[in-house]
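Readers should treat all values here as calculations from the given coordinates under stated rules, not as data from a laboratory. Worth saying up front: this structure is predicted, and the values here are computed from it rather than measured. Note: ideal-geometry Cβ built from the backbone for every residue, glycine included; neighbour counts use all protein chains shown.
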């Protein structure tokens, strides 16, 4: 592995295992709901129940990760998600659970995710050599992309043989593997942010917000992704399957397109390994220019091969953007506030996504799917160009060593001019 250090390698093995389990359990959960007598509406409730708790607890998760040991917070999150999946698998093995049980356990699983995610970026800084953070982020992206491709394929085989209960049980085991890996880490048990211990939740949140908003490049990129998820990915993920059935030959065509996106993301992760661009945010933003390609190709009714090619380009850009921007975040934000800042970024970037999913259908009925998709493609391009126009985005440079101490807010503004 390119990143040195036993702690990183141990954690990476456990984290990649849990990612594979999650990628397998997502289609298994859908088949489990439908097999238990649920319908599309019920499945929508279950999906929403997994997302909304993440949004609700994300900021609290950031505070917890900065106030307490990141490892312990993530262990508790893994234990919560493991218990939820054990209960779900047991219920499926015993019979046909009611929809309320699917919803309840999805809430617990989503809550665990909401605490795990903010701690991940901060823990990465603790277990990775400082000059190898870029490679660490690229490797995380590779794991996410590869499991997104392999997980559903493996799940399909297992579901056809034994049903969804076994797949969900394997997901529970994957969280156990992740917890074992976390337990073996040699990072200290104390919080990285001992100075904020004992302060009020409001003060902790306020300090995190101050660190977040004092960086114009971070605000700009967060706003960009909030609208990308609202205007671009929401319509693409909803209208893509519909148009695949209507025009491209069915669900298999959509599977090819999504597999192409995943393959592009794997390629982007490989490209990012070892790269140290002097202006990482410039390259990160340039990489997002391809996000609108799949939408535009769907809008002109291009064949499956062309849409898949556009999805490859978007996947490459997604991986490069995540690797470069994630490294900048870890380098520029003090370790003591990193989880809180990460939670603000994640909340801002993704909370509008469900709105895009819900609004795309009615908009397509009102103005036609082509108009919605063309708007998505145009926004993807214009938003990237707008972010490139932000001086702080162009001025931010790759740093070999992050600053261990919080900079004064005034000095942050001085550097961004």
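Looking at the chain as a GNM with Cα springs under 10 Å, which of 246, 330, 224 has the largest mean-square fluctuation? Of the options given, 246 has the highest mean-square fluctuation. Quick one: if you stick a label point 7 Å off each Cα along the C-beta vector at residue 13 and residue 300, how many nm between them? With each label point 7 Å from Cα toward Cβ, the separation is 4.9 nm. Highest mobility in the GNM of the chain, judged by mean-square fluctuation with C-alpha springs under 10 Å and restricted to 213, 96, 117, is found for 96. You can think of it this way: the chain between residue 157 and residue 200 has 10.5 nm of extra reach, that is 0.36 nm per residue less the Cα-Cα gap. Each Cα pair under 8 Å and six or more residues apart adds its separation to the average, and for the chain the resulting relative contact order is 25 percent. Centre-to-centre, using Cα atoms only, the stretch 202-231 and the stretch 63-141 are separated by 22 Å.
With a cut-off of 13 Å on the backbone N, the residues of the stretch 281-297 near the modelled label site 7 Å out from residue 247 along Cα-Cβ are 294-297. Helical content alone sets the calculated 222 nm signal of the chain at -26500 deg cm²/dmol, taking -39,500 (n - 2.57) per DSSP H segment of four or more residues and averaging over every residue. Name the most mobile residue of 230, 382, 298, meaning the one with the largest mean-square fluctuation, in a Gaussian network model of the chain with Cα contacts below 10 Å. Evaluated over the chain, the most mobile residue of the options is 382. Among (i) 81, 48, 41; (ii) 55, 48, 40; (iii) 64, 45, 40, which is the computed Cα extents along the principal axes in Å? Derived directly from the coordinates: (ii).
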